[in-house]
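The values are calculated or read from the model by the stated rules, or taken from the named source; none is laboratory data. Model, not experiment: these values are computed from the prediction. FYI the Cβ positions are ideal-geometry reconstructions off the backbone, even for glycines, and counts take in every protein chain you see. Keep in mind that these areas ignore ligands, DNA and RNA; they rest on the heavy atoms of the full protein, side chains included. Shrake-Rupley method; radii C 1.70, N 1.55, O 1.52, S 1.80 Å.
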Amino acid sequence: MVCLGNICRSPTAHGVFQQRIENAGLTGVIEVDSAGTGDFHLGEKPDVRSRQAAQQRGYNLNGLRARQVRNDDFERFDYILAMDENNLRDLQALCPAALQHKLRLFMEFADNNYLSVPDPYYGDGEGFQLVLNLVEEAADALLDHIRKQDLQGGAAEGFMTGVTAGFVPPFIQENVDLGSRNTFGLHTRARYFCAVRNLQELRVALQFRRVRQLPLLVLGGGSNVLLCADYPGVVVQIALQGIEVLTEHDDELHVRAASGESWHGFVQYCLRNGYHGLENLALIPGSVGAAPIQNIGAYGVEVRDLISEVTVLDVGSGEIDTLTAAQCEFDYRDSVFKGRLRGRKIVLDVTFRLHRQPRVNLSYAALAQALSDVSNPHPGDVFAAVCAIRASKLPDPAVLGNAGSFFKNPVIERAQYEKLLQTYAGLPSYPVYDRAGQLSMSVVKVPAAWLIEQAGWKGKSCGRAAVYQHQPLVLVNLGGATAQELVSLARQIMASVERLFDIRLEPEVQWIPAEPLD
Ligand code: EPU
């Protein structure tokens, strides 16, 4: 907001617009400042008449001090709004040619007969009231304009037109260590990082990376990634929060959780409130938003059995869409988000179909075994048993860095399985169901943990990276491991399993980048 001396009109516009930003919950997303083209009042508070008039309407201008327009303002701000035509001309004389498009009259945004905010300095008290009337009207219209033009996906092609190379939104940090943002605890760095707490911040982060033409990495809980190298783009961690019950009919209810909620926290919340179905998936690290991406599963349940729909934001257009479970194309540790829509959608929330009536799934042998002496087990018993089994087999990432199963359990042709049985009589197998839930006769799944153990890797290490001694499907950071050590260990395991069994292990953990150098 710019006028001549920065003591009457522009600080009023600054204070009013600041309040509009706060009321809209956009603090940290939109930043406003004010300055004068002249240097007559540097360091002074706004004119006492401006302050009093503003105060009567609930605006506090006491903290503002006059300053002069600086060269970097033209880089830094998207809209540079002159209070009158003289101010605009002065700004045009100062502003580099390439940034002239940012200069506008503030009153352009208001729908009235004024082009300028009249200077009240030499007039009576009425002039200050008129300033406030005009500024309030233009501030409302400006906020609407920014929302539509810069914060909504609809304007994808042209949005954030004013953001230039020099501008970094205040909630985006530069050169950030991601050690606490990934459960392997790897100290790779992000060129830019932000944790977005609401949709507006997410949109601004996407606009920022679009304007800078930087790659984008979306992180949930960081529990399924191997960050192999410093990330040269923008890392956005989804921190959207909120859980709500949408519908409840007899036994069935639909519960929606925002993607930034912790998965285990959500499972506990549901159990506490008597919403049943998720208990077999207790203690899985990570966020709600990551659950559909890799169709998390454990102890006889996959999350696809419980998801009714997923709300996503399109990275390109900013449009919000709802996908049904069928449209998510769920498969074993797989979904459309890892395939066709990879990198194109961001999960905003997930809706689950749960039950009021307690019914338990004990199809997983080890779980049934753990509950064999409990008659009529309740979902709470299943929850406790799953937590106990996991704690006994899987390392707690807070203690020993890891990302759960490092590889998928491979699916192989039944003919190959039968051939392998001739040499390895103890090789276990599990049935495979297709997307329609039909049992497949031609293929079986074999436990990668068994193959890795047979290949002699259990408990082995490579530098500070190791194969977990109680569950060889899990690779761990013994403390201070580098990504290169983990990659090297994983590649050696893959090579020896392939040599021994002619089975190619596929990482379940997402490697970033996908083909790291050793
Ligand atoms: N096994 C061994 N040696 C071991 C441990 C296991 O040979 O030291 C063999 C045994 O034959 C055992 C079999 O592996 O019966 C299966 O082991 P486990 O029940 O521990 O499960 P998993 O197949 O290794 C899968 C999931 C886990 C999930 C468990 C329980 C995958 C990639 N992993 O592991 O998911 O918790 O089943 O349902 O499907 C994850 O995805 O990060 C994860 C931890």
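Points to keep in mind about this one:
- Within the range 15-46, tally of residues that are outside any loop (DSSP other than H, G, I, E, B) and of a type in the set (A, V, I, L, M): 4
- Counting only residues that are at pLDDT below 95 and open to solvent by 80 Å² or more (accessible area, probe 1.4 Å), the range 99-124 holds 8 of them.
- Some residue of the range 335-358 being hydroxyl-bearing (S, T, Y) and either surrounded by fewer than 16 Cβ atoms within 10 Å (Cβ to Cβ) or in a loop (DSSP other than H, G, I, E, B) (or both): yes
- Residues satisfying the stated conditions in the range 487-510, i.e. touching a strand residue (DSSP E or B) at 6+ places or on another chain (Cβ under 9 Å) and within 15 Å of the ligand (Cβ to nearest atom): A490, I493, M494, V497, F501, I503, L505, E506, P507, E508, V509, Q510
- Answer residue from the range 363-398, given it is within 12 Å of the ligand (Cβ to nearest atom), open to solvent by 60 Å² or more (accessible area, probe 1.4 Å) and outside any helix (DSSP H, G or I) and is nearest to G185 (Cα to Cα) among those: Y364
- In the range 447-465, residue farthest from the ligand (Cβ to nearest atom) [restricted to those that are closer than 12 Å to Q492 by Cβ and open to solvent by less than 30 Å² (accessible area, probe 1.4 Å)]: C462
- Check on T311, open to solvent by 10 Å² or more (accessible area, probe 1.4 Å), at pLDDT 95 or above and polar (S, T, N, Q): yes
- Checked against the criterion of being in contact (Cβ under 8 Å) with a residue 24 or more places away in the chain and open to solvent by less than 40 Å² (accessible area, probe 1.4 Å), the candidates L253, L214, L246, L199 yield just one match: L253.
- Scanning the range 425-446 for residues that are within 11 Å of the ligand (Cβ to nearest atom) and open to solvent by 20 Å² or more (accessible area, probe 1.4 Å) gives G426, P428, S429, Y430, K445.
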